[in-house]
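To start, the structure under review is shown below, and the notes come after it.
Every read-out reported here was derived from the displayed coordinates using simple, explicitly stated rules and does not represent laboratory data. As the structure is a prediction and not an experimental result, all values here were calculated from the model. Here Cβ is always computed from backbone atoms with ideal geometry, including for glycine, and neighbour counts include all displayed protein chains.
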Amino acid sequence: MATTVNIKLSRSNRIYRSSEPVEGKIVIKSPSSISHQGIRLSVNGSVNLQVRGGSAGVIESFYGVIKPITIVKKTIEVTSSGKFASGTTEIPFSVNLKEPGESIVEKFYETFHGTNINIQYLLTADITRGYLYKPLSATVEFIIESGRVDLPERPIPPELVIFYITQDTQRHPLLPEIKTGGFRVTGKIATQCSLQDPLSGELTVEASSVPITSIDIHLIRVESIIVGERIVTETSLIQSTQIADGDVCRNMTLPIYVLLPRLLMCPSVFAGPFSVEFKVCIAISFKSKLAKAQPKSDPTAPRLWWRDYHWNLSGRSEISSAANEQANISGETCFFVCVVHITKKFDLELELYAYKLALTS
Amino acid sequence: MEFEFRRRDYGAKHESQLLHRSRTHKHPLSSTLDSRQPQAKTVGSSDLGFFDPLRGVDVDVSVEEKVEDTSISLEAVTQDLMKEWKSLKRMLMQRFPVSKVISFSPISNIIMKGSKVETSSSLSHLEKTGSEQTSLEETARMINQQEYLAKVHELRDGITSAWQAEDRVTSLKLSIKVTKLLMDTTVLQFYPTVFVIVTDMLDMLGDMVWERIKQKAELDVDGIVISSLLNDFQASDICLEARETCYNWFCKVGSVREILPRIYLELAILPCWRFLTHQPMEVLDRLVMMVRGIADPLASLYCHLYMVHRMQKFGFCNSGYLIKCIKDIKDVLAPVLKDKDGYSYITDDKKLLFSLMEPAIDYIMKCLLRTGRQENNVLGVLEELGFGSNQSSYNSSHVSIVLHHLLKELPSELVSSQAMEILHMIKCSNDYSFSQILNYRLLGNRLCEGTSQASFLSSLINEVIQAASQYQTLYDYLRIMDAYVDLMLQNEMKNHLDALLDDIVTLAHDKFLSEEEQASLQSIILKLLSHFEDLQEVLPLNHFIEILDLMSGTSKTSVNMHLLNMGTRNGCICDSTTVQLLFEVSQALYDATDFVNIKDDDNRQTAHLISRFVEMVDYGAEMERHLMFLAECREAFNGIHELKETLVRSSNTLAVKALKEGKKHINFVKSCLAFSEVTIPSVSTPTKQLNLYLETAEVALLGGLISHSDGLVMSAVECLENVALTNGLKSVDVDSMASAVCKLCSLLVMVPGNPEKGVMEILKSIFSATCSSSWAMPRLKVKIFCAIISLLSTLSQDNLPYHSANPEIIGNDLLFFGDSSYKKELVLCTQLVLRELVDAIEQESSQIARGNMALEASNCISSALVMNENVSQLCSKLLETAKGCLGAKDSYLKSTKK
């Protein structure tokens, strides 16, 4: 049996605040006693930006990886040189992410794994054992969630938006029968939402001459990176949620209720070189006689339209391939898009719980 | 051999053997009230604490009890409804069986096919191929129902095994796949079946998730119990990790794109919200609203059904949600009932749709009213559903299928108090989801259950009659009014009843009634009949006879049976018109039944009824007419054997009655006897014939008509002889035959001997008939011979024990007083019989029987004859035989010896 090294964190969910020390123990299992020249523990937090495929141009993809932004990088020595007895040895440790007096270059962004942006915190233990032996090492990822202290300071958009969707609010060509027949869908949706809470709102179909086949809520993530003098944006569909199947009754309030997928989301971030934000798109698909002749567009795979649709409401400059627009956006679907600001949840109870946990472990 | 008969003094014997009589203090049948009362009291008090689920809920009971009821019934209601759910599931599976081959739309095809293929990828694959094929609909594959079910079960097993293998993601994925089956409503009839299978699976999944999270909350990482959860735990009791896991489940379920499976899956893990929030009820608000997003009426309704099931299973039930459900259902149904232009029409598809929806609506209504009752808020529920809002301009038209099931479940007190309101609602709701006629009918039936005041009933029924007469067909009219007949009768609303009967006659004028109409009419008439005590009250009703004439076939028969039954229920039938009517009725019944060829219970009942009717007829003083009537009956109901007996009895009774009235009727008595005599031979069984002959002979004897009685007795003996000839092989009821012969013997005591033909003429012929008969076994022979010996002994007395009631008839004792040749003949006869008797005993094969017979015979002999040498020799011989057969220890033997 070979000698193994593991890092066991004090919390099973591996979530820590930036203000808290990361604690745990290094577990070494060895069949024989070994001597070493010290154990070092390093914390490495960085934002990795990458531009690939998609909307990026040829030149950008040529660049490949953009230089990562370091959030934190420090190394401490847990023990000086010594010897482990055979069997299992556990060495406890505790690392402060930021010292009280320390000035850090970057904020402690929350851990996030996106398409183009990766914010990751790693803890690595290294055991050096002289020249003749291979050094032992183990790495573990821990997750940073921002506490109260790290509130975003950007102006918060209004909490609720009241929307109405008619044939006239649409910027893309519609099928003539929808255009002439007309429809009206109204509702409201929260534009500020904490990560733990569902995105909620209401929607009412007031009128529609053409039968509706489906109403979907699409959750869209927009990652932007400044590359040189340009901004590269990657939009990806995170989750689609159908709220109406078929030609629903008119003037009946339907709830909008979307639980946010935690692994794919983080609080909205607006840092200097990059940003992550989220949008909600309400898509209404109509059943049209004409559309039957065309190959049916499948609402479960809206891959084709969301990238090319010109996001007017976002207020940011976009890279859109306008050439594809007409071909890919179906004339039988209507949209409403708005930005949703994702925040941390201030759950006092949870906060206290985490605090208690930190004290005990 | 010399014999001498023992002397008897019957008078003294009678005196000495009379039982001493004394008065009793108590009548044995009079109830002892004092002792029973406390018992009743204890029953009453124990009754209070006992909740009978079958009693349902009487809203009428006192408030106290009501409170008690609710405190118990939360559990009881839930339990009840769980049972309901089970039966509903069974019913859904059975009621909508599916033709063997079903075509499936591409959606379920993909689900069925793809065990490994991702749904989305196969969809995109279909998209590609879709352009090549002309239309996707045509690709629908044909699949066997069994195959389909097997496939679903396979998937379900996959879910459990994946769960057991700790692979919960896979089992969730499979669950989603199975739930998606419910999105396919292309084959309507199959939907309930799929629903049942899928919801079973979902219930199972829900339980598994609940258990897992509960375990997480109770155990720590190493599986040691930290704390066991109470039944009413709070979300704050749950440790963070369990809550994380729980929330994770909701997230996973929430990430399903399609609304329908998402709702179903959330409903499956609905109770888990308790781990997360203090008010899990709030979730329901949203879920109820979410279901609105399902536009397909059938899918929506069944989704509501599952929601209600899950709600009540976990005690989340609340009339508020249920009312919302029902309102939403109404909205969903609205477009089905009327298309865009407000034009409503019915198609076969829609009919099928509604029939599929019915059980679901029924169940939801049941839940609603039970919950309402448990909350003591049924009235509030009704208000919410639009009761009492009639006056306002709000035009609430109710979907009739919903209304129907509401009405079905309403407590009967409320039905009576809100009857007018309900009637108006029924009037307004005339759509094709449910027949308005049946709704009217249901209202009537429900009203009958409760007690209602006549005050509004009269106007209510007026309106109903109006509404019913708008249906121009008799069938619809009858179907509606059938339900109200009871009400009219109970509340003695004669005018309405008359109006109803008038209407029936007008509507049925000159028409041939179909089978259904017959059945409804039958039901109405039967209600009428069962209401009135006496036929006399029914007949004067307007057009009653006319309506009777409308009927035909089996329903006519049934009505006739009831009429007859009713007519014969209350003693004699004196009224001649009634007799006439019943006679016609009987004749119709007789004509409708084949008495000759078919013998079953129905026929027997009819025969019995007719006989009873004949028996009950009483013309009073017009006896001639009565006899005529009997003759008529004999002609009319020739095929009923049972009746013949009745006829003979009736005519005998008639004769006796005439005799009592005095001598002047002697000719009438003769004609009665003649009638009887003529009728008896057509009675089927010889025993009955024999008995009837004897009976008639008695009557003749009573009337002093010796020649008649002689003739009748001779006929009886002939009949006895004939038994041997005709029924030699058939098993005759020999025992009763023998006892009839004994009876004949005792009758002969009174009958004076005929000197011309020989005194012993009759006796001898009985004797010879017995000897020669093939039916008489030795045992019976012994019995009969003993009877003859006793008779002979009796006849030899100077004073007979009894005489005929008619003083004109002189007994043998006076007739042959002191006549030595008479006595000689008696002795001769005895010798003859004794010989045969001994022979008969020897013939018996069974030892024990032979012994007993020997003893019996020796007893008889010793009591009849004086013990001289001959006799005691014979007796001791018989006793020897008995000893040989029975053994010396037999107690009968011992007592006989003395």
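Evaluate the distance, in nm, between pseudo-label points positioned 7 Å from the Cα of B:MET204 and of B:GLN94 along their respective Cα→Cβ axes.
Using points 7 Å along Cα→Cβ, the separation is 2.3 nm.
At 0.36 nm per residue, minus the direct Cα-Cα distance, what do B:SER772 and B:LYS670 gain on full extension? Give it in nm, one decimal, please.
Result for the pair: 33.3 nm of gain on full extension.
Taking R0 as 25 Å, what FRET efficiency do you get between B:GLN164 and A:LYS29 from their Cβ-Cβ distance, rounded to the nearest 0.05?
Efficiency at R0 = 25 Å is approximately 0.20.
In nm, give the distance between the simple-model label positions of A:GLN196 and B:GLN605, each being 7 Å from the Cα along the Cα-to-Cβ direction.
Label at A:GLN196, label at B:GLN605, 7.4 nm between them.
Given a Förster radius of 30 Å and the C-beta distance between B:ASP819 and B:GLU661 as r, what FRET efficiency does 1/(1 + (r/R0)^6) yield to the nearest 0.05?
E(calc), rounded to 0.05, equals 0.20.
Within a 10 angstrom radius of each residue's Cβ in A:235-246, how many Cβ atoms of other chains show up on average? Whole number is fine.
Across the residues of A:235-246, the mean count of other-chain Cβ atoms within 10 Å is 5.
Between A:THR4 and B:ASP349, what is the spin-label point distance in nm, taking each point 7 Å from the Cα along the Cα→C-beta axis?
Here the modelled spin labels are 6.3 nm apart.
Is the C-alpha gyration tensor of region B:421-546 telling us rounded, prolate or oblate? Criteria: a/c under 1.5 is rounded; beyond that, a/b larger than b/c is prolate, otherwise oblate.
It comes out oblate by the Cα gyration axes.
Give, in nm to one decimal, the length gained when the segment between B:LEU541 and B:LEU276 is fully stretched (0.36 nm per residue of separation minus the Cα-Cα distance).
Between B:LEU541 and B:LEU276, full extension yields 88.3 nm more.
Give B:LYS781/B:LYS823; B:LYS350/B:LYS556; A:LYS179/B:LYS177; B:LYS781/B:LYS824; A:LYS279/B:LYS214; B:LYS670/B:LYS764 a once-over and call out the pairs whose C-alpha atoms are over 26 Å from each other.
Table pairs above 26 Å Cα-Cα are B:LYS350/B:LYS556; A:LYS179/B:LYS177; A:LYS279/B:LYS214; B:LYS670/B:LYS764.
If you take the square roots of the eigenvalues of the alpha-carbon gyration tensor of region B:254-362 and sort them as a ≥ b ≥ c, do you get rounded (a/c under 1.5), prolate (a/b over b/c) or oblate?
In terms of gyration-tensor shape, prolate.
Tell me which residues come under 5 Å, amide H to amide H, from B:LEU865 once H is placed; ignore anything under 5 positions away on its chain.
B:ARG6
What list of ³J(HN,Hα) couplings, whole Hz, do you get for region B:838-854 from phi and the Karplus terms 6.51, -1.76, 1.60, once you set θ to phi - 60° and write x for glycine and proline?
Residue by residue, region B:838-854 yields 4, 4, 4, 5, 5, 6, 5, 8, 6, 5, 5, 5, 5, x, 4, 4, 4 Hz.
Could you compute the FRET efficiency for B:CYS572 and B:ILE848, with r as their C-beta to C-beta distance and R0 at 51 Å, rounded to 0.05?
E(calc), rounded to 0.05, equals 0.50.
Over all residues in B:285-292, what is the mean tally of Cβ atoms on other chains that come within 10 Å of each residue's Cβ?
For this peptide, the per-residue mean of nearby foreign Cβ atoms is 4.
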